[in-house]
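First the structure, in the form of structure tokens, and then the observations on it.
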Amino acid sequence: MFHWDLPQALHEEIGGWLDRRIIDYFVDYARVLFQNFGDRVKIWMTFNEILQICERGYSDGNFAPFISNPGIGGYECTHIVLLAHGRTYRMYNEEFRASQNGQIGMAIDSYWHEPNYPDRETDQAAAEFSLQMNYGWFVHPVFVGNYPQPMIDRVREVSLSEGFEKSRLPEFTQEEIDMLHGSYDFMGLNQYSADKCYWAEDGAGSHPSHWADVGVIGYQEDDWWKGVPWGLRKLLVWIKDNFSNPPILITENGHAQDGLEDYDRANYHKGYLTELLKAIHEEGCNVIGYTAWALMDNFEWRGGYTIRMGLFYVDFDDPNRARSRKLSSYVYNNIITTRHVDWDYYPDWPPTVEWKSN
């Protein structure tokens, strides 16, 4: 329903996702969607990547609407977005579920946070805290009720040490906690990679920010850019163990690579789907579906048309946006057709018959 496309008027007139009045506007918008499409659309996501909407848009100012208010704006935005999600879910239950029988969730993005040294207790604690602060922030209110307690305690402690009179993290009322708790039929997961974590030596840092509140250094080794497939499995197991194994829909998972002969992307999907199968069949994770990002090359926000995530190549210089199959599309087709990850399968390349759409 909302993939960062805030109406300009709502930004100019009320300040967008920093004003609670937007909740009523969003619920009305969702009602229009259900009224017009709910007889056919059965899977809905209210919001895509709240971290990017709020932390990038209202805290560090790197995404639209480019508001810089570190350590405050992201928390205020997230609070209001979550309330809009919960209100929409309850409205659907009251007005549409009986007749439409759809499912509602959110799509939340998260890395897997691996301890820098897996056997070191301090690194284990840093990785766990990072998961609570960067993933639990958005799902704990829905799965359990309220923000994670370690997050509540940490932001309050740091805020008071910075001279604030109260925590920079807003508080839910008990009525809001009850409304949010259980407001999901599934949870979407956008998952691309992983990092290694350890505590920052300077703790919270000198200026308010969410990342200073986390107080954890996360880094990637140079050869990790191709993906960390086992990170997906570990994250799914962590979600299962912490939140009673909720239904998870993998809503984004993919790799950027130029050209048609994209072996790296093909191997990325082979690796992640192999680990996904382990999560389901060996670990018992309740995964209900998987969608690769993306079907076609598309507009990748600040990266524009320069980052190519698609299984199909799009010629953006062609007025007709002609599409061509990449090698990875044949590999992915083989996987979903045979329902098996064949590490030995690659298509003859270049293909003897070129597939192209104008």
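The values are calculated or read from the model by the stated rules, or taken from the named source; none is laboratory data. Bear in mind that the values here come from a model prediction, so they are computed numbers and not experimental data. Note that we place each Cβ from the backbone using ideal geometry, even for glycine, and neighbour counts take in every protein chain shown.
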Single match in 8, 52 (criterion: assigned by TED's automatic domain parsing to the domain that holds residue 190, within 20 Å of the chain's Cα centre (by Cα), more than 18 Å from residue 89 (Cα to Cα) and of a type outside the set (A, V, I, L, M)): 52
Residue count for segment 44-103, restricted to those that are in contact with a Leu (Cβ under 9 Å, 6 or more places away or on another chain) and of a type in the set (Ser, Thr, Tyr): 4
Among (1) surrounded by fewer than 19 Cβ atoms within 10 Å (Cβ to Cβ); (2) in contact with a Lys or Arg (Cβ under 7 Å, 6 or more places away or on another chain); (3) not polar (S, T, N, Q) - the single one residue 262 does not satisfy: (1)
Unmet requirement for residue 322, which otherwise passes all of (1) without any contact (Cβ under 8 Å) to a residue 60 or more places away in the chain; (2) surrounded by 14 or more Cβ atoms within 10 Å (Cβ to Cβ); (3) under 22 Å from residue 273 (Cβ atoms): (3)
Qualifying residue in segment 84-103 (condition: in contact with a strand residue (DSSP E or B) (Cβ under 9 Å, 6 or more places away or on another chain), assigned to a strand (DSSP E or B), assigned by TED's automatic domain parsing to the domain that holds residue 176 and under 27 Å from residue 175 (Cα atoms)): yes
Filter result for the condition that a residue is surrounded by fewer than 16 Cβ atoms within 10 Å (Cβ to Cβ), in contact with a Lys or Arg (Cβ under 8 Å, 6 or more places away or on another chain) and not assigned by TED's automatic domain parsing to the domain that holds residue 3, over 297, 315: 315
Matching residues in segment 133-150 - criterion: being touching a helix residue (DSSP H, G or I) at 6+ places or on another chain (Cβ under 7 Å) and surrounded by fewer than 20 Cβ atoms within 10 Å (Cβ to Cβ): 145, 146, 150
So residue 87, is it under 17 Å from residue 183 (Cα atoms) and surrounded by 18 or more Cβ atoms within 10 Å (Cβ to Cβ): yes
Elements of type strands (runs of 3 or more DSSP E) contained in segment 228-327, each with 3 or more residues being under 17 Å from residue 190 (Cα atoms): 248-252, 287-290
Which listed residue is at pLDDT 95 or above, of a type in the set (Asp, Glu) and in a loop (DSSP other than H, G, I, E, B), from 213, 202, 185: 185
Checklist (1) modelled with pLDDT of 95 or more; (2) out of contact with any helix residue (DSSP H, G or I) (no Cβ under 8 Å at 6 or more places or on another chain) applied to residue 302, failing item: (1)
Residues of segment 159-171 that turn out to be closer than 24 Å to residue 106 by Cβ and surrounded by 20 or more Cβ atoms within 10 Å (Cβ to Cβ), as a count: 2
Residue in segment 159-174 that is assigned to a helix (DSSP H, G or I), in contact (Cβ under 8 Å) with a residue 12 or more places away in the chain and not hydroxyl-bearing (Ser, Thr, Tyr) present: no
First in segment 63-83 and under 21 Å from residue 207 (Cβ atoms) and in the same structural domain as residue 140 (by TED's automatic domain parsing), second anywhere and part of a helix (DSSP H, G or I) and polar (S, T, N, Q), Cβ under 8 Å, 6 or more apart: 63/52
Residue list for segment 104-148, filter: aliphatic (A, V, I, L, M), touching a Phe, Trp or Tyr at 6+ places or on another chain (Cβ under 8 Å) and outside any loop (DSSP other than H, G, I, E, B): 104, 106, 107, 108, 125, 126, 131, 139, 142
Qualifying residues in segment 325-358 (those that are modelled with pLDDT of 90 or more and in contact with a strand residue (DSSP E or B) (Cβ under 8 Å, 6 or more places away or on another chain)) - the one nearest to residue 281 (Cα to Cα): 329
Index of the failed condition, residue 201 passing every other in (1) surrounded by fewer than 16 Cβ atoms within 10 Å (Cβ to Cβ); (2) within 20 Å of the chain's Cα centre (by Cα): (2)
